[in-house]
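Q: Following this message is one structure expressed as structure tokens.
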Amino acid sequence: MEVRHRDVIYLDNNATTQVAPEVFEAMVPFLTEIYGNPSSVYTFGSQVARATDAARARVAEMLGCAPAEVVFTSGGTESDNTAIQSALRSTGRRHVVTTRAEHPAIQRQCAALEKMGLAVTWLDVDPRGRLDPDAVGRAITPDTAIVSVMWANNETGVLFPIEEIAGICRTRGALFHTDAVQCAGKLPIDLARCRADFLSISGHKFHAPKGIGALFVREGTPFANHIIGGGQEKGRRGGTENTASIAGLGRAADLAAAHLAEVRDRIGPLRDRLETGILARVPRTRVNGDPARRLPNTSNIAFDGVEAESLLLELGRHGVCASAGSACTTGSLAPSHVLTAMGLDSRAARGSIRFSLSRYNTGAEIDRTLDILPPIVERLRAAHPGA
Ligand code: PLP
């Protein structure tokens, strides 16, 4: 059954989001008339350079930092990789501290570093997905180049105590990076308060296009020209600037700030309505992750006796888009590394689904999902009673 676009109930916004119409509008001139290269000396180029600077200022405003501290990248993965590679090169140290709940952009990079002979400390999370900040302090050694701890988990939405961890790293003399890809547009970010040295964001998680993001590099932080060498971004990231997407990212940053209160006051309660509705209507279900310290838009739910893949396919046939684990693991039957790190057994992890909302979701969509979901779960359980 083909699902028409207008019938889709999109509850997979931690995977990616729709481009806001205002963002698209802001991009069009740079894809049509104003196509100059921002590095060129003539006005047609400097006009683009001015637009890039304006976008940088808007992103800086969203993050609570100075425009000069914002480096445009291709997205979260590049920002994450850059922060770690830069810290290793600039300090010459050979130890990295991270957690077992990070996104593959950090996890796989750290696993590769281990294979190359560097030391990595993998911090555990507790059964609610929480991280003990004191464990970070205990893991830091004189050889620690960088600590990389995500701000919000993409699968469960659980928040780590980033401000406290940033303070610990500063006191102990280690650089600190946080992957804040899932925070932008959902929570306020204030780098004047949170003393991270590096912070990653990605446009497509907050209604800008895919393939654009930024890395915050605090002024004074040693920064070694990294894997993508070249002259642009003051020598910090090579490659002719993706000017249309940069303009879109700037507009998306403005909109994110303007809609933060709505995400808290309307989307948070909608997520709660979805979650309490599922728990009330579907027996043998549980929330994964600490409900008290979570993103307002995310709900990860374990359905006993159900394979998440089958449930997602059935939901998809009715137009409801959700996911199991991170988008990258969908399609493989491997249980989520985040849920496994929280101590869920492989059966529970394989029966868990993430719903993630955005400001484009409505109460009617949530109610429709609550009508569609329970009979599907009932049918799947009846078809595989031993599962
Ligand atoms: N970090 C987190 C927490 C994410 O959720 C994602 C995307 O799923 C990324 C990094 C990667 O970002 P991008 O898709 O822009 O490379």
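The values are calculated or read from the model by the stated rules, or taken from the named source; none is laboratory data. Predicted model only: the values in this text are computed from it and were never measured. Neighbour counts run over all protein chains shown; Cβ positions are idealised from the backbone, glycine included.
Q: For region 171-225, which positions are surrounded by fewer than 18 Cβ atoms within 10 Å (Cβ to Cβ), under 15 Å from I246 (Cα atoms) and of a type outside the set (D, E, K, R)?
A: Within region 171-225, just G211 meets the criteria.
Q: Also, quick follow-up: Given the residues I146, I165, which is the only one that is in contact with a Gly (Cβ under 9 Å, 6 or more places away or on another chain), of a type outside the set (D, E) and modelled with pLDDT of 95 or more?
A: Result of the check over I146, I165: I165.
Q: Please go through region 59-68 and pick out each residue that is surrounded by fewer than 21 Cβ atoms within 10 Å (Cβ to Cβ) and in contact (Cβ under 8 Å) with a residue 12 or more places away in the chain.
A: Listed by number, the residues that qualify are E61, G64, A66, P67, A68.
Q: Of (1) of a type in the set (F, W, Y); (2) under 14 Å from S245 (Cα atoms); (3) surrounded by fewer than 20 Cβ atoms within 10 Å (Cβ to Cβ), F72 satisfies all except one. Which?
A: Of (1) of a type in the set (F, W, Y); (2) under 14 Å from S245 (Cα atoms); (3) surrounded by fewer than 20 Cβ atoms within 10 Å (Cβ to Cβ), only one is false for F72: (3).
Q: For region 47-57, check the following and say yes or no: at least one residue is free of Cβ contacts under 8 Å to residues at least 24 places away in the same chain and either within 16 Å of the ligand (Cβ to nearest atom) or touching a Phe, Trp or Tyr at 6+ places or on another chain (Cβ under 9 Å) (or both).
A: No, because not a single residue in region 47-57 is free of Cβ contacts under 8 Å to residues at least 24 places away in the same chain and either within 16 Å of the ligand (Cβ to nearest atom) or touching a Phe, Trp or Tyr at 6+ places or on another chain (Cβ under 9 Å) (or both).
Q: Can you tell me which residues in region 1-45 are surrounded by 14 or more Cβ atoms within 10 Å (Cβ to Cβ) and among the small types (G, A, S)?
A: Listed by number, the residues that qualify are A15, A20, A26, G36, G45.
Q: Output the residues belonging to region 5-34 that are part of a loop (DSSP other than H, G, I, E, B) and without any contact (Cβ under 8 Å) to a residue 12 or more places away in the chain.
A: T32, E33
Q: So, in region 267-284, of the ones that are charged (D, E, K, R) and crowded, with 17+ Cβ neighbours inside 10 Å, which residue ends up farthest from the chain's Cα centre (by Cα)?
A: E275
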